[in-house]
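The values are calculated or read from the model by the stated rules, or taken from the named source; none is laboratory data. On a predicted model such as this, the values are computed, not experimentally measured, just so you know. Please note: Cβ atoms are built from the backbone with ideal geometry, for glycine as well, and neighbour counts cover all protein chains shown.
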Amino acid sequence: MKSIYEEYIQEIAANPDVNAAAAQEIRKYLTEHGIVYHGNTVRTLGIPNIYTEEETALFDQIVSTTYGIFEKIIAAYLEDPAYRRLFPFSKELEELILTPRGYDSFLPVTRMDIFYNDDTKDFKFCEINTDGTSAMNEDRVMNEALARLNPAHRKMLEKYEFSTYELMDSWVKTFLEIYGTYDRRVPHPHVAICDYLATVEIEEFREFARRFEKAGVTCEVCEITELTYRDHALYSPSGKQIHAIYRRVVTTDVMENYDDLTPFLDAVRSRDVCIIGAFCTQIVHNKWLFKMLHEAPTRALLTDEECAFIDAHIPFTGILDHSLCDFDAIRADKDRWILKPMDSYGSQGVYDGRDCTDEEWAAHLEACDGQEYIYQEFCPPYRSTNIDFIEKNPAFAEYANMAGLYVYNGKFAGIYSRRSAGNIISSQYNERDNASVVLRGTK
């Protein structure tokens, strides 16, 4: 693999002007296809992320083990009041979590973000995304642009055989399979993709709606605050009865706007609509999970092999509260730690000790103390060489890597690759998103 990456570097170095011009065409292609985040076109790099078949087999194993652990934790929460009390959820959220799903799956869709080391094949978990899992359309369009417009990759295609992951139709298929186990299913369901539409990049939602229609199922994208509920039926703003919801609105947004979502929540509580995924997914989305994975009540649910997996791959996590941790030790050893909100997304409010002065770190600790924050062992990301031709003075540089493992109803479905010049890999922190390809062999 190192030799293949070196071939990309040599090809780009030998033809910088051609690759720079192509980068502008790729950027234009991404813009035209709606691959934007908060109004800005997603940035990508000159060399894609390449994985071997051996690595994808490893990812499949990671997913299988992790999903099995999560199923046990969710089942214990739903069945055991004593275990349930160990989680920090409000009475209102607990009520939603305990609302029966009506279908077989605990965790329909998730993306497990890991820091994966290409050299050692070791990895550490960063976070777990559930219902807000995104960027499937982004990966699709980036791979289209890579194959059509990236001259270095087109040169490599003369020598190597690559494959990509299909993440759109495969999710629609999984969604409908789950709905097929729903105890109140109807023969021809109308599906609604629901979120706060002003805060999302809507093109992915529209593309998914087109894929549902292609699969023979009517579907529309809905503003979640504009749903109506009457006579035991939930209706879209267009007046159509909704039978199944593809929930993209994240739980933290639901709880922050709880009083504004009465029609949606009443329909869920009354089980007059199928919601995929149900609110029990919050048990593993919330970063409290990382703390619970290391504690005795959870370990009692698991096998010795699963406990060893957690010890090797889940970073130590504690609650940032003066009464629960050694605050002075955390302040004195800033390079060891990263601060994260328990329940957020997009790396909002994340602080890396290595990026802070002593004074800044102390200020962040004081501000976050007792504010539903965790402190977590910092995992140095693997770095590899790449180039961003959109920069004013493009040059090869070392970028931190993260692999997001898409999981559809417990099955490994694909990879979302991100890179960053800094330690935090997020759209807020100099992130670049990369097409993911799998090396299948030589031609």
Hits in the range 347-356 (condition: surrounded by 15 or more Cβ atoms within 10 Å (Cβ to Cβ) and in contact (Cβ under 8 Å) with a residue 40 or more places away in the chain): 347, 350, 352, 354, 355
Subset of the range 291-304 that is in contact (Cβ under 8 Å) with a residue 40 or more places away in the chain and assigned to a helix (DSSP H, G or I) - its residue that is farthest from residue 114 (Cα to Cα): 297
Some residue of the range 402-413 being without any contact (Cβ under 8 Å) to a residue 24 or more places away in the chain and either assigned to a strand (DSSP E or B) or not aliphatic (A, V, I, L, M) (or both): no
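From the list 253, 259, pick out the single residue that is out of contact with any helix residue (DSSP H, G or I) (no Cβ under 6 Å at 6 or more places or on another chain) and within 26 Å of residue 38 (Cβ to Cβ). Steps first, please.
On the way: 259 fails: within 26 Å of residue 38 (Cβ to Cβ).
One residue alone meets the criteria, 253.
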Pair list, Cβ < 6 Å and 6+ apart or interchain, from the range 253-264 residues that are touching a residue at least 40 places away in the same chain (Cβ under 8 Å) to residues that are outside any helix (DSSP H, G or I) and crowded, with 17+ Cβ neighbours inside 10 Å: 264/227
The range 377-391 residues that are crowded, with 16+ Cβ neighbours inside 10 Å, paired with ones that are hydrophobic (A, V, I, L, M, F, W, C) and in a loop (DSSP other than H, G, I, E, B) (beta carbon under 6 Å, 6 or more apart): 386/45; 386/47; 388/45
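Please verify whether residue 432 is at negative phi and either of a type in the set (Asp, Glu) or surrounded by fewer than 16 Cβ atoms within 10 Å (Cβ to Cβ) (or both), treating the condition exactly as stated. Walk me through how you get there before you give the answer.
Details: at negative phi: yes; either of a type in the set (Asp, Glu) or surrounded by fewer than 16 Cβ atoms within 10 Å (Cβ to Cβ) (or both): no.
Here the answer is no, as residue 432 does not meet what is asked.
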Output for the range 11-52, where each listed residue is small (Gly, Ala, Ser) and touching a helix residue (DSSP H, G or I) at 6+ places or on another chain (Cβ under 7 Å): 22, 34, 46
Of all residues in the range 24-41 being assigned to a helix (DSSP H, G or I) and of a type in the set (A, V, I, L, M, F, W, C), the one that is farthest from the chain's Cα centre (by Cα): 26
Matching entry among 320, 324, 289, 293 (being among the aliphatic types (A, V, I, L, M), within 30 Å of residue 363 (Cα to Cα) and surrounded by fewer than 16 Cβ atoms within 10 Å (Cβ to Cβ)): 324
Criterion (surrounded by fewer than 18 Cβ atoms within 10 Å (Cβ to Cβ), without any contact (Cβ under 8 Å) to a residue 40 or more places away in the chain and either part of a loop (DSSP other than H, G, I, E, B) or among the acidic types (Asp, Glu) (or both)) met by exactly one of 220, 213: 213
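Just for the range 247-261: of the residues that are of a type in the set (D, E, K, R) and assigned to a helix (DSSP H, G or I), which one is surrounded by the fewest Cβ atoms within 10 Å (Cβ to Cβ)?
The selected residue is 259.
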Unmet criterion (only one of (1) in contact (Cβ under 8 Å) with a residue 12 or more places away in the chain; (2) crowded, with 16+ Cβ neighbours inside 10 Å) for residue 104: (2)
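Residues in the range 357-370 that are out of contact with any Ser or Thr (no Cβ under 9 Å at 6 or more places or on another chain) and touching a residue at least 12 places away in the same chain (Cβ under 8 Å): how many? If you could, list the steps in order and put the result at the bottom.
Step one: of the range 357-370, the residues out of contact with any Ser or Thr (no Cβ under 9 Å at 6 or more places or on another chain) are 357-369.
Those still in the list that are touching a residue at least 12 places away in the same chain (Cβ under 8 Å) too: 358, 361-362, 364-365, 368-369.
Of the residues in that region, 7 qualify.
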Residue in the range 49-61 that is surrounded by 21 or more Cβ atoms within 10 Å (Cβ to Cβ) and either free of Cβ contacts under 8 Å to residues at least 12 places away in the same chain or over 18 Å from the mean Cα position of the chain (by Cα) (or both) present: yes
Single residue of 120, 66, 99 found to be in the same structural domain as residue 49 (by TED's automatic domain parsing) and within 23 Å of the chain's Cα centre (by Cα): 66
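Which of the helices (runs of 4 or more DSSP H) contained wholly in the range 45-132 include at least 2 residues that are more than 25 Å from residue 311 (Cβ to Cβ)? So that I can check it myself, show each step before the final result.
Working: elements: 53-79, 81-84, 91-98.
The helices (runs of 4 or more DSSP H) meeting that bar are 53-79, 91-98.
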Hits in the range 229-246 - residues which are free of Cβ contacts under 8 Å to residues at least 24 places away in the same chain and either among the acidic types (Asp, Glu) or not in a loop (DSSP other than H, G, I, E, B) (or both): 230, 231, 235
Failed condition for residue 27, given (1) of a type in the set (Lys, Arg); (2) surrounded by fewer than 19 Cβ atoms within 10 Å (Cβ to Cβ); (3) at pLDDT 95 or above: (2)
